[in-house]
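The values are calculated or read from the model by the stated rules, or taken from the named source; none is laboratory data. Given the structure is predicted, the values throughout are model-derived calculations rather than measurements. As a convention, Cβ positions derive from the backbone with ideal geometry for all residues, glycine included, and neighbour counts pool all protein chains shown. Accessible surface is based on the protein model in full, side chains and every heavy atom, while ligands, DNA and RNA are left aside. Shrake-Rupley method; radii C 1.70, N 1.55, O 1.52, S 1.80 Å.
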Amino acid sequence: MASFKPTKVQFLPKLGEKVTEDTLYWKNYKSPVQMKEFGAVTKIDFSPLTPHNYAVTASTRIHVYGLHSQEPIRSFTRFRDTAYGGSFRGDGKLLVAGSEEGLIRLFDISGRVALRQFTGHSKAVHVTSFLSDGFRVVSGSDDLTCRVWDVPSAVEISSVTEHTDYIRALAPSKLNPDLFVTGSYDHTVKVFDMRSGSSVMTMQHGHPVECVLLYPSEALLVSTGGRYVKIWDLLKGGQELVSLKNHHKTVTCACLSSVGNKLLTGSLDRHVKVYNSSYKVVHNFDCDASILSMAVAPDDEVLAVGMTNGVLSVRHRKHKKDKETLTSRRRRGPSYRVFVKGKNFMPRQDDFLVSKPVKQYLRKYDKQLKSFEVSKALDTALQTWTRTSKPEVTVAVIIELNRRGTLKNALAGRNEESLTKILNFLLKHIFDPRFSRPLLMVGDIVLDLYRQVLHQSPVVERLLQRLMEVLGREEELQQELLQVLGILDTLFASLTPRKEVASLAALPVDQGPQLQAA
Amino acid sequence: MVEQSDVRVVRCGGSKINFRPPIISTDSRFLLCASGDSVKVYSTRTEEWLHSLQGHTNQVTGIALNPANHLQVYSCSADGTVKLWDFIDGILIKTFIIGHPLFAIYVSEKHEGIVFLHIVMDTESKKEGFQLVAVHLPKSAEQEVEAKELSAVSSQISPNPSCTAFGREGQYIAFARNLQLNVYFFRKQKTYSFSLKATDKKGAKNAFTCIACHPTDDCIATGHEDGKIRLWRNFIHKKEYTYSTQHWHHNAVNTLCFTPEGTNLLSGGIESVLVQWQYGAGNRKEILPRLGGSILHVSTSSDGQLFCTSHSDNKITVIESSFKVCGVIQGLVKGDAVLTDLMIDPRSKALVLNGKPGHLQFYSLLRDKHLYNLDIVQQEYIYEAGLDQFEVVKAAFDRKGFWLATVEERGQKSSDLEFFLKLWAYDESTQSFVLNTTITAAHTDRIISMCFSSSEETTMLVTTAEEGQFKAWCQGVDADTEQDQNFWSCDFVGSYHNLKPTNCSFSADSSLLAVSFQEVITIWSPDTWELLTTLCQPPGVIRDLCFGQLSCSKYLIATTTENLLCCWNLLTCALEWSTSVEVSKLQLDPLSENVAAFSYQSEHTDLFVFKPNEPRPLFSHKNVCSEKIHRAVFVPREEPLNSCDESSQWLNRSQLYFLTQNMDLMTFSTATEEDRLLSSSRRLVIDDSVAVTPFYLLLGKHRQQQQKLDTPSHPAADKPQQPQGSVTITELLHTPAHVLPAASVLCSMFVSSLLISNTGVQDPLRKEMESSEQEMNGEEEDSEEEMEACDSQQELRAQGSVDEVTPKLSKAQERELKRVRKTDFSWMAGLVDSKP
């Protein structure tokens, strides 16, 4: 005697976004913590040392936050005008920042007052950074110069004027203390070598450069500007590798994740995009305002995003540990041990084995289907919890009833209340392409069955009115879509070269096959 | 024309075992059922097929135990004979020639020496009517007796044999036709008839479908078309009869059966539920649901401990009286139509076709045994007449048997068609196929054909559909995740001028794909999806399509609906040859260049076997059968034959099976093969009447050896030495001392077991089998020895040849010798036994 085969609930993945490992990784952040700063957040920099505090430059202050603190643990407020580009030294003990007035200040991380002040720039300094030996500071300014300063003596070592517009991007090399990359509003990215005292490489970005970034191997260089993100191969003498156009407004910042070196870019269009190693967007974070700055903590623990409205939004990574504590608090009932009790017993060689037949557990609607109680099975499938959180189960039962030829019987003989349930379910799901076919059938049968008595119930009548309206709207939409398809077809036909007329293969199939992994 | 002397068409395996009710022997150990032109004997305990009673020349239409001797069985056949068998030994005792085709047989304890038979009424009236006749079987010592003493009982019987039954102690016989129930009383020699109205107000359908009589009470149970069961009482008086009605079945009741004590009534119908009604307790019943196909017959053993039901899916279920299924005997399932092609599972070499609704069945042709069913649809099948449910309509294996693609369809009749394309991967650990991918909307319209590519590295599936497109499916890397997916996705969609594709085929090395669109064949390169060329030979739509193999791989063969068989040379893209022949099925032999074409002309089918490089047939066989053939398959042989006869050479590497429209599986067999079949038909007869004690085992074996030692010149001496070795030693060590025979007896055995046998190498499996056989039926062995002594003619021939040419035996000869040695002559023993 074969056992009863339960109703098969078809799992149909929603079309569109595909779930990949990358999306899962990047989705695994808690909801952002918002912190209000005094002005637009222009620079965020993580300390390379283990607590991984981060310096946030906004308005006339630089705040240093702890990784999990919501209040600044230190702030540097001795700026008379807007501060820019606060960044840590390689040992995390010193911090350098430029300002609107052209001064560059150097702070000890534990002090308040500037240790050094480098004067010489005649206009605002937007970008400052330590060179990798730690004894020199490089700065780029709106006065078109790039200067290198000696930290111990606070004197200018050299000054280069090669850019023809504001310098707004700077990235020192971590491997060579004499190299740094600058990007400017004159659409160029230049690589400077302090040993020769001039630029050794120039790349044309084509738009005002907002940010430059070196890969850890320093063979690849990322520059952003305009709506473009461009990757350059430095080993090939600055050849353009890829040009990405995934944002629809100026891309203001870029950074690399420390796990797998994924590129992240933030833009004025309020999105942070994550690229995989073949430069396809794998994930997207939405923010409330235009993004000016962004940084990722080592190990991707924290993603901090600064915005024009002065809000700093910080996302922390979820950990398994957190989840477990949550669930353990919630869980009640018997433990896992109870269920496996005796199941993992290994019989010895000469033991006599009495096997107990495994009991088949069936869902309630399956039990009812097994005993041919079709109406009850439909009722069970239409219970509030099932129909709201698992509509596919409800639809699976409807399909099964139809296959058995008893859908009409199951729908017949219902009162106003249960009919309302069915109609509400139809209203909600009839346009879901996964469900529309069986649900349209249900609608037909309901109309057939209750045509005579519909006018007796105003509630049902109103629901049917609504159903008719939405159906009409959907029909119009479909028609428009078909028209668009027709237009596209003619376009493609005129584009395809004559000899390849036979193979329409290049066309994407819009009713793409719905796949289901078993 | 080629001589066709030794190739002939034979029916092979998988015949119906549900044609007539099975019967259980009185001791409940054997189950007998009519199957094709033989009666098969199964063991009820192990469900193994023991042997078959062969001798009829036409369909066996009924079997009944001889009421006088419970070890004998009557069988009647459409060839007009009734045969009496000893079913345990499989011996034909007597043949009674009746002279009319027979359709059912009934016996009763009261009427000894008389059998009741259904025969077709004499054909003077055009309407074919059935007649129930009583035949007195003459007592005589001869083997073949003519029984001409027919006396008609009634001519108002239905052709359905379950509409006739004997009443209490054989006092009356009840038979029904349409709306009339007749009871014939033997003592009064009178027929009473009772009739029902065709319908009543509630729309009941009152036609009788089956009948059963209570064994101890005057009560007749009748089943009706609308599922009602009526219990008739008091029918001894013509007017004052009464009946009560019980209704559970919602479709026609197919069968009714009282248990031997009469306490319960069993009924079964299309629902596939066995219902047990308590007799005299109104509506009290037990049910046993989901037994398989709809129930056709129910029968009980004479002690009432076992029931067996036979089902429409060619299955017999053995059920204990506690309503627990204890055994299933499954034959080759042949529904109304085989929708899938006949296929061969490349791994198990089993024949694969759709069987049970929603399943694919794997059937071993070699052993004529059903291996297993693979559930494709995975839905509860509702046994209800006229319900449209999912059916497996297409299936395909890839070359190595690692992937299986299936298409299931629902709604052939109605307008909204539902179908799924499923891909199954072979799982090594479970040794079966596991669902990998389900594609719900593979095409927008019905899938017409599909095939796998056969290249080594990648597997690709191509499907063609009625909407005018073909799609290629691959299991491969997803561009977005850059991970190896293990499921399948669409790789390419192609079409040709919006024409409807008809068939598709990959070349042998998978470098080319041919897709036929109506009259045009398009050749594609699967690597670049470039349309390479088109071939066309109007008129007529392309039907079958296949590439040549091996040395003929440059040819492409196609058949059209307009009776044309074309062969293109793919190097020149020109038509090589074409011939006008109506081909209904074109089948390629995967192991050779040969192509078989079944052609249907003027009411009969011919077979042509040819190589693509020449239009002359290699072999032809006229009038294979009278029906059109749509399904055929080449089955690779286990070991190739080495027949050098020109006409049968094409069968050397594989065997051609085909399915007729009557769902008969046929094959072509050659003379050499028949020899082999004979040798391999050695069967395992389990005789469990003798308790198998270790003592018995040892003694029995000892006795055999003694015989062998006594007669060293006996032909049996060249039988391989009985495999002992470790078996003997373990027996010796593990048997308690008090049951062991004397040490002197054991000693010689023990020593001989240590000697290395000089009969050459045998594979260990074979040894194992033989040794187990020895243990199981030591007694059988005795008769075998005897038989071998009597039948020395054949053996001597073998012996002689051994003596003459021992030093220079070729491999083939050696094999031939071995075969002769293993030949079973137990049937001879039967003859010898029955003579005195």
Computed over the stretch B:18-157, Kirkwood Rh from alpha-carbon pairs, angstrom: 15.3
Quick check for you: with a 1.4 Å probe and neighbouring chains kept, what is the accessible area per residue of chain A, in Å²? 54
Need one word for the stretch B:95-176: rounded, prolate or oblate. Basis is the Cα gyration tensor (sqrt eigenvalues a ≥ b ≥ c); a/c below 1.5 gives rounded, then a/b vs b/c decides. oblate
Protein accessible area in the stretch B:158-330, 1.4 Å probe - carbon and sulfur %: 47
Here the FRET efficiency for A:Phe38 versus A:Asp133, based on Cβ atoms and R0 = 41 Å and rounded to 0.05, is 0.75
Go through the stretch B:359-381 and flag every residue whose accessible area shrinks by 30 Å² or more with all protein chains in place compared to the isolated chain (probe 1.4 Å). B:Gln378, B:Gln379, B:Glu380
On the full set of protein chains, 1.4 Å probe, figure out the accessible area of B:Met749 and give it in Å² to the nearest 10. 10
Angle, helix A:436-450 long axis vs. longest principal axis of chain A, Cα atoms, 0 to 90°, nearest 10? 40
Return the carbon/sulfur percentage of the accessible area of the stretch A:230-319, one whole number, probe 1.4 Å, all protein chains in place. 45
Rounded to the nearest 10 Å², the accessible area of B:His370 using a 1.4 Å probe with every protein chain kept is 20
Quick check: Cα centre of the stretch A:199-258 to Cα centre of the stretch B:159-231, how many Å? 94
Expressed as a percent, the accessible surface of the stretch A:364-492 that is carbon or sulfur, using a 1.4 Å probe and the full set of protein chains, is 57
Remind me, relative contact order of chain A in percent, using alpha carbon pairs under 8 angstrom and six or more residues apart? 10
Find out how many positive minus negative residues lie around A:Leu115, taking Lys and Arg as positive, Asp and Glu as negative, among other residues whose Cβ is under 11 Å from that of A:Leu115. +3
Taking a ≥ b ≥ c as the square roots of the eigenvalues of the Cα gyration tensor, with a/c under 1.5 meaning rounded and otherwise prolate when a/b exceeds b/c and oblate if not, the stretch A:21-318 is oblate
The stretch A:364-492: relative contact order in percent, alpha carbon pairs under 8 Å with at least 6 residues between: 19
Principal-axis tilt of helix A:391-403 within chain A, Cα atoms, nearest 10 degrees: 30
Any chance you could check the stretch B:289-335 for residues losing 40 Å² or more of accessible area when the partner protein chains are in, compared with the chain on its own (1.4 Å probe)? B:Arg290
How far is the Cα center of the stretch A:425-469 from the Cα center of the stretch A:50-65, in Å? 59
Taking both sides together, what accessible area is buried at the A/B interface, probe 1.4 Å, expressed in Å² and rounded to the nearest 100? 3300
Please give me the summed charge of the neighbours of B:Thr560: other residues whose Cβ is under 12 Å from its Cβ, Lys and Arg +1, Asp and Glu -1. -3
In Å², and per residue, what accessible area does the stretch B:158-330 have when probed at 1.4 Å with the other protein chains present? 40
Less than 21 Å apart at the alpha-carbon level, and either on another chain or at least 8 residues along: which lysines does that give for B:Lys611? B:Lys554, B:Lys585, B:Lys622
Rounded to 10°, Cα long-axis angle of helix A:416-429 versus longest principal axis of chain A: 40
So what's the net charge close to B:Glu614: Lys and Arg +1, Asp and Glu -1, counting the other residues with Cβ under 11 Å from its Cβ? 0
